[in-house]
Amino acid sequence: MLTNQSFAGKVNRRAALASFAGGFGMLGLAAMCAESSGGEPAPHFPAKAKNVIFLFMSGGPSHVDLFDPKPSLTRLNGQPLPFEKPKLERTKTGNLFASPYQFSKHGQCGMEISELFPNVAKHADDICLIRSMVADNINHNGACLQMNTGEQAFSRPSMGSWLLYGLGSENKNLPGYVVISPSQPAQGAPLWSSSFLPGEYQGTLVNDLKNPIANLGNTRFTATAQRQQLDWLRDLNQSHAAQRADDSRLNARLESFELAFRMQREAPEAFDISNETEATRKLYGVDEPVTDHFGKQCLMARRLVEKGVRMVQVYHTQTSKRSSCQLWDQHSNLATELPNNCQSTDQPIAGLLADLKQRGLLDETLVIWGGEFGRTPTAESGTGREHHPFGFSMWMAGGGVKGGMVHGATDEFGWHSVENKVHVHDLHATILHLMGIHHEKLTYNYAGRDYRLTDVHGNVVKEILA
Amino acid sequence: MTSSPLAPLRSILRQSAAKLVLLTCIGVYVGVWNVCVFADEKDDFFESKIRPILVQRCEGCHTSDKGKMHGGLALDTKPGWTKGGDSGPAILPGKPMESLIIAAIEYGEDGPQMPPSEAGGKLPNAEIQLLKEWIDRGAHDPRLAKQKVGGMDEAEAKAWWAFQPIQKPADYKTATIDSFLDSKLTTANLSKAPEADKRTLLRRATYDLTGLPPTSAEMSEFLADTSADAFSRIVERLLASPRYGERWGRHWLDLARYADSWDARSYGGAGDIAEAWRYRDWVVNAFNRDQPYDQFVRDQIAGDILGTGDGRFNVDQIIATGAYAIGEWGNGDADKKKIHTDIVDDQVDFTSRTFLGITLACARCHDHKYDPFTTREYHALAGFFYSSRILENFTPPGAGEEPMRIDLTEPHVREQQTQKQKRIAEIDTSLTAMLRPLQTVERNALGTNGLMRRIKQGADTPSLMFNETDAELKVLTFSIPPSGVALHPGPTSSITAAWVSPAKGVYQANIKLVDTDPNCGDGVLWELRHETTLLGSGSIANGGTAEYLKADISIAQGDLLRLIIKPQASHACDTTVTTFVIARSDASEPLHWSLGESLKAGRQSGEDGWWVCEGDGQQLIQNDATARTLEAERAKLAAEIIVAPKAVGLADGGIKNTTYAGYHNARIHKRGQYDQLSDEVPRGFPVMISKDQPNIVEGSGRLELAKWVTSPENPLTARVMVNRIWQHHFGQALVRTPNNFGKLGERPTHPELLDYLATKFIDSGWSIKQMHRLVMNSDAYQRSSVPASNAGAIDSENTLLSHQQRRRLSAEELRDSLLFAAGSLDPTRGGPAVRDLMVPRRTLYIANVRSDRSGYLAVFDGANAQTIVDKRNDTVVAPQALWLLNNAFALTQANTLATLVVKQDGDANQRLAWLTDRLFQRPPTQSEQSLVSAAVDNLNRVESWEPLCHVLLCTNEFVYVD
């Protein structure tokens, strides 16, 4: 079992601290494990995927307009919902609201996808579409927290932190878990928090695409001058440590400065998309006004997983027209805002899938698309839809899932998930499974009990595994 | 269960805590564990003497639990030892010498020798004698079967070390901290590290107590002081420093999951906790004045009850309850009932973990998995907090909650304020009934050439603005056309354009209004009146327009015709461009009067019949003494109105408009779900740690809770706190899981020492400063942090404290030390949090935003305000190095330090000596001297010193305390 309890006893605390000196949390438990046993870090079983790219559509994208066609909505447009709504409501919504968009079949599998995603639809045969997602919270804050940490109210480690804790990262000069979000999504940092896990498993936020990581350089000293400073520092620290030979933390800290210096050189290159070819930039829609921003985010994500970053979370919070923590929150004016969102993400997402595939990375990279919930099949203020956690759609591609598959279904109006329900906990269990981790065995003892990402829930959705 | 005569009663008591309280009320309550004591001398003997031995010495290997019945023998029940193990019955009642257990513990030659050496070795003779005596007297054992309490066997729970009364050591008067430590060190044959040198000692003590390094002068003074009590006096000096509370208050704030804000995006808003700093300052002051810890705890749990009523009004005690209002629960959830349970859960968790070191919150959804706490007991404690509130009401679904703001003005002051506000309202009513001309004229107003403005002295609104130019004027967010007039109402008063008729006749009035500031505000209301008669009225929306023509008005000479512009809900941004023209319709010559033309002609108020006035009254007051008097009175009163200081905190009575409004016991929430309610549980305390249950006569019962937590009889409170104090002096606590004294926690490394300290603590009147004196004057505290030669092999974790623990500066200490080195530290104490990291205040005062996990504090392992932090992480990661190498804050301090070096007198070595003295409190080494000669090319240039100064601030020596 991957637990802090079982390893804490075996690993000398000092040694563990020394290994933490690695850097941006790239040395996870796996590294500690390797150090204590002398063997290879081992996941619980062979992993299907090495890395995750989670494309998070902040605000709650509307499933009935994008991935879950409902002819009954069109037929009964303007009629009341023919059954009682659940007790948990934010505001009272009106009558059924037909999707203004046409769906058509795509790929050999014939997956029905909305006209708003023409380019994503070309990858239907790579996509595993789950139409039966269920979450528990009806507000952005709680729902975003649950989608990212499994828990709606309290501070818990995010999925990326768990992955890093369990598997470590493969590039010690880069953060192991990167969150690319130009504008802060609902709730902000708790969504990528390491919470009670050690701080090195915290997601590293990149919100300024031009200056992705803080404190990577300064204007007062040149690189040569700084190298000189580090040499002085090494001398001073070594003579200090000479009288304190017992304390490996001192050496760890010394090394952390050397690592920082290397990172200053290598990290900017990893984040820099300017070296990508014209063809690649075009593939992602970079330099096109509408798709430029999200295109750059997706391209940066690919560069990072290519260099061994374990998880990259890409929040869609900015378009050419506006920046918002809840871009996909169409309480009104769905017919204008939803197409804007789709246009700004369709080409970049399709480009990401194509690029990963052509580089042979799609097999080992799990791409996830979704938001914190869906939207009501009924109308809010005539032209929009309310929050809807009772049944909605998400999709995954690559990294060990079956392509060209539709799993689960909502009822004929898209209200309740009715067939092969997939709860957020089940999704998390499945993602961990694909990464080679048994979700019940990745635990951390804190405040008197063992915690895990899926709490006491979660079932791996076996049907969608390739 | 026991076989005592009162066993049935005990069973009933345990089954129904409700009856327990009933019994309490009629005065025949018998404490659950006392039952044993009074019931039967045999029970007493077993419980007090025998059970502890069996539990502590035998049950590690001999219980009926799976995998723990070594040799097939279970000693945790009577049937267990009656049946016996592989060798037959272990105990024969009345026959000690024939009982196998006695042969084993006496290390008889033939049979097994128990306990084996790896389990502690042979028992002390006194315990062997007790067991023999017990068997001789018939081996009375009430443990017929195993009982579970929560997650623990009843027997184990009863004997659990942390729930036992604090044991005053037999040699209490003569014992010292060192006597406890030394005996273990001697047994382990472990050499002690020597005493630390004086420089190290002063640096250690100064950082430990104040979070800052000693000054150069303080070091010289201490080095020169050879008296025996030199160090004791240093401790006294440091304890008296106000910096002490800033350091030790912060330790407490870690445990109080302290934050200045829940979320940066709503920083300081109605849904935030911007008043939290008052609690922070209260904590700091409480440490500084050495408030007795029991009172410190009582104030937090029930300060609002203790501090108010019956003529009492103690602001500090009200603020102290802020601990309960700054907690971690998901604000913004639509599910209000869930929020309610989460708020209470946070409060139960804070109470139980912070004060008591138990994880009762684990029993929210099910009985505790490891410790003897049930979900019933969780809800017994939750009842106190369901009967209290930190929110006045819940907001409507979809809106975030707003913490209750408690007015901190004294009741009599509050009453005076109310009276003053009432009088101001009266004056306003009177003044509004008059028309008072705007007397102050400004030209080129608001920085705009050609803008004339008339206002009351000292108030921006109500106002008249006039464009004196022939072009459109852009002013702030609005514009006024050429020769245009704009009227703007005041916050509570209207603005009126009045015209005094020069002659009797028939007139018509023509009005056009345009709200020229569509960016904000909410439009205005307007009325046209002839004397008191309403001729017309309407409203214009924000950015809207209105036009109105009224003909055939018969007007006498001297009559007033008034156009009144009134504010709606908001008065801001309602600049209304006004055209007001009056024409005589019964005269042969066409005559007309226009407000705009009058102003264009430069007329003064009243000169040609036009007045622009504050108010909407019917009486034009031109030079009225009454109005002047009233205005003066109003100004005086307004200056006396204070913005009431407010605090977040607790009030008695549940959240209003919920089922818990008022005082209620909680019902058990099955699986933690509020919609699956089971039995009601009387408010009370966990049975395993409380002999008594409260008799709540009125109110929430928090006062009773506070008294129980701080009772000297409570086995946990004093132990938990002395353990925390110890932790911050030695880098590790005696119980290394300071928030968890339960089964998954660690056992104390020195149980007798822990109890010695707890006893001292209570005896000293719960004085925390007294504990510092006790600890810091011990040899153990003053030892070197370099271990003796054999320590690594024998005790690599230094549990026996043969040497001190080197520690890294905390996030607060590091930033404060950088400021201190640069001579920039602003010593200002207290007040609202500062958001800008560059501001040179102590880091304690830098805003702690709970959702921020990437800022300075997070990078350097500051306390995560999302949880109750007993031990901070100690990570060494590259982002810390990057911050020190490149962050503007670090670079600024390095630069400032370099400017100070340049100002020093002397040669390179003398300046270096100044630096090492300032940063490390020691003279420079030779290698440092050669470094300076290589690194600094011009002694008088800041740029020459700066890279080196920067490096010195990055060294391990600067960042670690030996």
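The values are calculated or read from the model by the stated rules, or taken from the named source; none is laboratory data. Owing to the predicted nature of the structure, the values given are computational and were not obtained by experimental measurement. Heads up, the Cβs are rebuilt from the backbone with ideal geometry, glycines too, and the neighbour counts pull from every protein chain shown.
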Legend entry - Odd one out for residue B:476, checked against (1) surrounded by 14 or more Cβ atoms within 10 Å (Cβ to Cβ); (2) within 45 Å of the chain's Cα centre (by Cα): (1)
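Which residues, taken from the range B:329-345, are in a helix (DSSP H, G or I) and either facing chain A (nearest Cβ under 8 Å) or in contact (Cβ under 8 Å) with a residue 40 or more places away in the chain (or both)? Give the derivation first.
So the first thing to find is which residues in the range B:329-345 are in a helix (DSSP H, G or I), and the list is B:336-345.
Listed by number, the residues that qualify are B:336, B:337, B:338, B:339, B:340, B:341, B:342, B:343, B:344.
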Inset, instruction - Would you mind stating whether residue B:308 is more than 14 Å from chain A (Cβ to nearest Cβ), hydroxyl-bearing (Ser, Thr, Tyr), out of contact with any Ser or Thr (no Cβ under 6 Å at 6 or more places or on another chain) and closer than 30 Å to residue B:148 by Cβ? - result: no
Inset, instruction - Answer yes or no: is there a residue in the range B:952-962 that is more than 10 Å from chain A (Cβ to nearest Cβ) and in a strand (DSSP E or B). - result: yes
Inset, instruction - Considering only the range A:159-169, state which residues are outside any helix (DSSP H, G or I) and at pLDDT 85 or above. - result: A:168
Inset, instruction - Any chance you could count how many residues in the range B:916-951 are of a type outside the set (Gly, Ala, Ser), away from chain A (no Cβ under 12 Å) and part of a helix (DSSP H, G or I)? - result: 4
Inset, instruction - Evaluate the range B:264-276: report whether one residue or more is of a type in the set (Phe, Trp, Tyr), surrounded by 23 or more Cβ atoms within 10 Å (Cβ to Cβ), within 14 Å of chain A (Cβ to nearest Cβ) and in a loop (DSSP other than H, G, I, E, B). - result: no
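Which of the following residues is modelled with pLDDT under 95 and closer than 21 Å to residue A:148 by Cα: A:445, A:459?
On the way: A:459 fails: modelled with pLDDT under 95.
From the options A:445, A:459, the qualifying one is A:445.
Would you confirm whether any residue within the range B:813-821 is assigned to a helix (DSSP H, G or I) and facing chain A (nearest Cβ under 9 Å)?
Here is the first cut: in the range B:813-821, the ones assigned to a helix (DSSP H, G or I) are B:813-821.
After this cut, where a residue has to be facing chain A (nearest Cβ under 9 Å) as well, the list is none.
Among the residues of the range B:813-821, not one is assigned to a helix (DSSP H, G or I) and facing chain A (nearest Cβ under 9 Å), which makes the answer no.
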Inset, instruction - Please work out which one of (1) in contact with a helix residue (DSSP H, G or I) (Cβ under 9 Å, 6 or more places away or on another chain); (2) surrounded by 23 or more Cβ atoms within 10 Å (Cβ to Cβ) is the condition residue A:359 fails and give its number. - result: (2)
Inset, instruction - Scan the range B:379-417 for residues that are closer than 20 Å to residue B:663 by Cα and in a helix (DSSP H, G or I) and report the count. - result: 8
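Is it the case that some residue within the range B:882-890 is under 18 Å from residue A:197 (Cβ atoms), facing another protein chain (nearest Cβ under 8 Å) and either assigned to a loop (DSSP other than H, G, I, E, B) or not small (Gly, Ala, Ser) (or both)?
The first filter runs over the range B:882-890 and keeps only residues under 18 Å from residue A:197 (Cβ atoms), leaving none.
Taking every residue of the range B:882-890 in turn, none turns out to be under 18 Å from residue A:197 (Cβ atoms), facing another protein chain (nearest Cβ under 8 Å) and either assigned to a loop (DSSP other than H, G, I, E, B) or not small (Gly, Ala, Ser) (or both).
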Legend entry - Subset tally (residues that are in a loop (DSSP other than H, G, I, E, B) and either within 12 Å of the chain's Cα centre (by Cα) or more than 7 Å from every other protein chain (Cβ to nearest Cβ) (or both)) for the range A:188-207: 4
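Residue-by-condition table, conditions (1) within 14 Å of chain B (Cβ to nearest Cβ); (2) more than 19 Å from the chain's Cα centre (by Cα); (3) surrounded by fewer than 23 Cβ atoms within 10 Å (Cβ to Cβ):
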position	(1), (2), (3)
A:277	no, yes, yes
A:289	no, yes, yes
A:292	no, yes, yes
A:303	no, no, yes
A:323	yes, yes, yes
A:330	no, yes, no
A:339	no, yes, yes
A:348	no, no, no
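Restricting attention to the range B:362-417, which residues are of a type in the set (Lys, Arg) and either surrounded by 19 or more Cβ atoms within 10 Å (Cβ to Cβ) or at pLDDT 95 or above (or both)?
B:364, B:376, B:389, B:405
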Inset, instruction - Could you figure out which of (1) small (Gly, Ala, Ser); (2) in contact (Cβ under 8 Å) with a residue 40 or more places away in the chain; (3) closer than 26 Å to residue B:305 by Cβ isn't true of residue B:661? - result: (2)
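Have a look at B:716, B:774, B:754 and point out the one that is crowded, with 24+ Cβ neighbours inside 10 Å and more than 14 Å from chain A (Cβ to nearest Cβ).
Working: B:716 fails: crowded, with 24+ Cβ neighbours inside 10 Å; B:774 fails: crowded, with 24+ Cβ neighbours inside 10 Å.
That would be B:754, the only listed residue that is crowded, with 24+ Cβ neighbours inside 10 Å and more than 14 Å from chain A (Cβ to nearest Cβ).
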Legend entry - Sole exception among (1) under 55 Å from the mean Cα position of the chain (by Cα); (2) outside any loop (DSSP other than H, G, I, E, B) for residue B:113, by number: (2)
Inset, instruction - Determine the pairs where a residue that is farther than 18 Å from residue B:937 by Cα, located within the range B:890-903, has a partner that is crowded, with 21+ Cβ neighbours inside 10 Å with Cβ atoms under 6 Å apart, the partner being 6 or more residues away or on another chain. - result: B:890/B:884; B:893/B:818; B:893/B:822; B:896/B:822
Legend entry - Residues of the range B:728-778 satisfying the condition of being of a type in the set (Gly, Ala, Ser) and assigned to a loop (DSSP other than H, G, I, E, B): B:731, B:733, B:742, B:745, B:764, B:765, B:767, B:778
Inset, instruction - May I ask you to verify whether residue B:894 is touching a Lys or Arg at 6+ places or on another chain (Cβ under 9 Å), part of a loop (DSSP other than H, G, I, E, B) and either within 12 Å of another protein chain (Cβ to nearest Cβ) or closer than 25 Å to residue B:916 by Cβ (or both)? - result: no
Legend entry - Enumeration of residues in the range A:215-236 that are within 20 Å of residue B:925 (Cα to Cα), of a type in the set (A, V, I, L, M) and more than 7 Å from chain B (Cβ to nearest Cβ): A:230
Inset, instruction - Just name the residue that is modelled with the lowest pLDDT out of those in the range B:840-874 that are in contact with an Asp or Glu (Cβ under 6 Å, 6 or more places away or on another chain) and facing chain A (nearest Cβ under 9 Å). - result: B:851
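Which one of these is in a strand (DSSP E or B) and of a type in the set (Lys, Arg): B:420, B:474?
Details: B:420 fails: in a strand (DSSP E or B).
Exactly one of B:420, B:474 is in a strand (DSSP E or B) and of a type in the set (Lys, Arg), namely B:474.
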Inset, instruction - Give me the pairs, please: first residue somewhere in the range B:546-557 and at negative phi, second residue anywhere and of a type in the set (A, V, I, L, M, F, W, C), beta-carbon distance under 6 Å, and either six or more positions apart or on two chains. - result: B:546/B:513; B:546/B:540; B:548/B:511; B:550/B:509; B:550/B:535; B:554/B:506; B:557/B:503
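Please list, ordered by residue number, the strands (runs of 3 or more DSSP E) wholly in the range B:604-688 having 2 or more residues that are within 48 Å of the chain's Cα centre (by Cα). Step through it out loud before you land on a result.
On the way: elements: B:610-614, B:666-669, B:677-681.
Because the criterion is at least 2 residues that are within 48 Å of the chain's Cα centre (by Cα), the strands (runs of 3 or more DSSP E) in the range B:604-688 that meet it are B:666-669, B:677-681.
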Legend entry - Residue that is farthest from residue B:919 (Cα to Cα), among those in the range A:242-262 that are at the interface with chain B (Cβ under 7 Å from one of its Cβ atoms) and either at pLDDT below 85 or touching an Asp or Glu at 6+ places or on another chain (Cβ under 9 Å) (or both): A:259
Legend entry - Counted residues, the range B:477-511 - those being under 27 Å from residue B:552 (Cα atoms) and part of a loop (DSSP other than H, G, I, E, B): 6
Inset, instruction - Could you check, for the range A:139-151, whether at least one of its residues is assigned to a strand (DSSP E or B) and either at pLDDT 95 or above or surrounded by fewer than 23 Cβ atoms within 10 Å (Cβ to Cβ) (or both)? - result: no
